[in-house]
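Asks: Mind having a look at this structure? Questions to follow.
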Amino acid sequence: MQAFTKQFISEELRRRFSKANNVLVLSGAGVSAESGVPTFRGGGDSAVWKGMPFRVISSAGMVERELPEVWEWFNYRRGRLASLKPNAAHETIARWQDRFDTLGLVTQNIDGLHQAAGSRDVIELHGSIWRARCCDCNARHNVRELKFDNGVPGCFDCGGHLRPDVVLFGEMLPTGAFELAAMKAESCELCFVVGTSAVVYPAASIPEIARAAGAYVVEVNPERTPLSDLCDEVLMGKAGEILPMFETLSHKEAQKAQNNFA
Ligand code: OAD
């Protein structure tokens with residue numbers, strides 16, 4: 001693929017980026033790809049764990065039938081994620097919090113890398129691998145530091161069985177998360193869709209809501225997706241290479257505006 005250059009960012013997008021007050025970012029697995037997190041599709045789709053496809057081990061049925069095995073799988077994933085660091089895309093998005101009056105960040109990722117980069121108030125549509133939820137009392141607990149090799153950890157409050165606080169195949173999204181994301185989509189002026197194959201709903205409907213409400217929608221992805229045709233612009237390339245370019249652009253634009261004013 002040809003290296004992405006600043007000239008590919010249209011005048012229209014530069015102008016909108018410089019003026020925007022309310023921006024929304026929807027991120028998917030691709031935003032963490034450059035940190036070393038495997039994506040689900042385009043390589044990771046066929047991932048198996050002890051002979052079980054990802055869709056089976058990460059399913060609601062497995063939590064009911066084989067919770068110790070679910071934890072074994074999630075402990076393996078936690079172990080792999082623990083050493084990974086945010087990349088330039090996560091860092092750029094975190095800095096956009098100070099760049100715009102309102103920045104909404106909605107992620108499908110459970111890896112916590114946006115927060116590790118400094119993003120606050122991240123709407124985690126699919127939960128977090130660093131949290132567990134009690135199957136009995138529903139209490140949520142931070143389990144980042146919790147070490148155990150086998151079995152099922154007990155709830156710190158009631159002693160009931162804890163399960164990973166992530167959305168598994170066949171489960172509903174956390175209460176209110178999608179509604180909040182949809183509200184932000186309705187009010188944003190500019191919506192970036194970064195590193196998602198846009199095939200999993202309702203997450204993929206967020207940019208559709210933004211577009212229908214009049215936002216300018218920009219996709220950042222090395223590949224086209226089912227959403228590409230709906231987007232106002234598609235920037236084909238890696239998030240960690242493309243997003244940082246907006247920072248330098250915005251600084252230059254701001255400088256230009258200041259010079260014109262002086
Ligand atoms: P996918 O794995 O479906 O898609 C990853 C997307 O990232 C693809 O479109 C890639 O082309 C793109 N990509 C790869 N490298 C990239 C890079 N460096 N920069 C930008 N984009 C890149 O991931 P999601 O769309 O997040 O749900 O998947 C959605 C949901 O499907 C996941 O949250 C998960 C899975 O089922 C649950 O586990 C509930």
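Asks: With everything on Cα atoms, drop me the angle between helix 67-82 and the longest principal axis of the chain, reported from 0 to 90° to the nearest 10.
Replies: 40 degrees
Asks: Counting other beta carbons within 10 Å of each residue's own, what order do ASP111, ASP149 fall into, fewest first?
Replies: In increasing order of surrounding Cβ atoms, one gets ASP149, ASP111.
Asks: Just for the chain, what percent of DSSP beta bridges are antiparallel, to the closest 5?
Replies: Roughly 30 percent of the beta bridges in the chain run antiparallel, per DSSP.
Asks: Another question, then. Neighbouring Cβ atoms within 10 Å as the yardstick, rank ASP157, ASP98 fewest first.
Replies: Placing the least packed residue first, the sequence is ASP98, ASP157.
Asks: Calculate the FRET efficiency for ASP98 and VAL200 from the Cβ-Cβ distance with a Förster distance of 25 Å, rounded to the nearest 0.05.
Replies: The pair ASP98/VAL200 has a calculated efficiency of 0.25.
Asks: For segment 137-199, give the magnitude of the charge dipole about the Cα centre (Cβ charges: +1 Lys/Arg, -1 Asp/Glu; no others), in debye to the nearest 20.
Replies: With Lys and Arg at +1 and Asp and Glu at -1, about 160 debye.
Asks: With each run of n ≥ 4 DSSP H residues scored as -39500 (n - 2.57), what mean residue ellipticity at 222 nm is computed for the chain after dividing by its residue count and rounding to the nearest 500 deg cm²/dmol?
Replies: Result for the chain, helices only: -10500 deg cm²/dmol.
Asks: Compute the whole-percent fraction of alpha carbon pairs in the chain spaced more than 32 Å apart.
Replies: Considering the chain, 26 percent of its Cα-Cα pairs are separated by more than 32 Å.
Asks: In addition: Lys/Arg Cβ at +1, Asp/Glu Cβ at -1, dipole of the chain taken about the Cα centre: which of VAL31, PRO202, ILE242 is farthest positive-ward?
Replies: Result: ILE242.
Asks: Looking at the chain, which longest stretch skips every one of the trypsin sites (Lys or Arg not before Pro) that is in a DSSP loop with at most 16 other Cβ atoms within 10 Å, leaving the sites themselves out?
Replies: 148-223
Asks: How large is the dipole of the chain about the Cα centre if only Lys and Arg carry +1 and Asp and Glu carry -1, each at its Cβ, rounded to the nearest 20 debye?
Replies: Magnitude of the dipole: close to 500 debye.
Asks: Which of the pairs LYS85/LYS184; LYS147/LYS184; LYS85/LYS238; LYS50/LYS147 have their Cα atoms more than 25 Å apart in this structure?
Replies: LYS85/LYS184; LYS147/LYS184
Asks: Tell me, what HN-Hα J-couplings in whole Hz come from the Karplus equation 6.51 cos²θ - 1.76 cosθ + 1.60 at θ = phi - 60° for each residue of segment 25-35, using x for Gly and Pro?
Replies: Here the 3J(HN,Hα) series is 10, 10, 10, x, 3, x, 5, 9, 4, 6, 8 Hz.
Asks: Moving on. For segment 136-167 and segment 202-241, what is the centre-to-centre distance using only Cα atoms, to the nearest Å?
Replies: Going from one Cα centre to the other spans 36 Å.
Asks: Say R0 is 35 Å: what FRET efficiency, to the nearest 0.05, do PHE156 and ARG65 get from their beta-carbon distance?
Replies: Between PHE156 and ARG65 the formula returns 0.90.
Quick note: the coordinates plus some simple rules give every number you see, no bench work behind them. No experiment lies behind these values; they were computed from the predicted model shown. Every residue, glycine as well, gets a Cβ built from its backbone with ideal geometry; the counts of neighbours run over all protein chains shown.
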